[in-house]
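Bear in mind that the values in this text are calculations on the coordinates, not laboratory data. Keep in mind that this is a model prediction, so the values were computed, not measured. Positions of Cβ are backbone-derived with ideal geometry, glycine not excepted, and every protein chain shown enters the neighbour counts.
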Amino acid sequence: MRLLSGRYAATLDISKPVTLTGAGTDTVLEAGGNGSVLTAQSPDVAVTNLRIVGVGDATAGEIAADDGSMWDERIRLTYGYGDAGVRLRDANRSRVENVTVHTPANGIVALDSPDTVVRDVDVHGTNGTAGFMGVLPMYSQVVVEGLRRP
């Protein structure tokens, strides 16, 4: 599916194999600051040549632990289930390439999505720690090349 240059105010939920290709940074997906912008729950999804803005800043919840014993669980819930520009879930063999993400949360999250490739992605945070998890693979073998956090 090809998206022409322009601004698209929407959140996308992809549930079948598809290639979504924009016309570069002039193709903008915007969620208005609520939730993840693009969520794919299918193998063989490709997202290329576009810009993503308006990512929400929600996390999945807080875990109270003062001794460090719940560190893994805190990271898993806070980042792995928080908002993202692109969220891949059970999306084996997917590809995200030539994408720019402006986010107060995560850039790209790959949950249970082995054999995924993330290439030439820019993740811009709104401050020093926003966009901290540029690409977050969880329970996934992911190849990451050319990740930039300007």
Report, ordered by the first and then the second residue, all pairs with beta carbons closer than 7 Å, sequence separation of six or more or different chains, a first member in region 82-97 that is free of Cβ contacts under 8 Å to residues at least 40 places away in the same chain, and a second member that is surrounded by fewer than 17 Cβ atoms within 10 Å (Cβ to Cβ) and among the aliphatic types (A, V, I, L, M). G82/A58; G82/A60
Here's a check for you: in region 1-23, which residue that is surrounded by 12 or more Cβ atoms within 10 Å (Cβ to Cβ) and among the polar types (S, T, N, Q) is farthest from the chain's Cα centre (by Cα)? S5
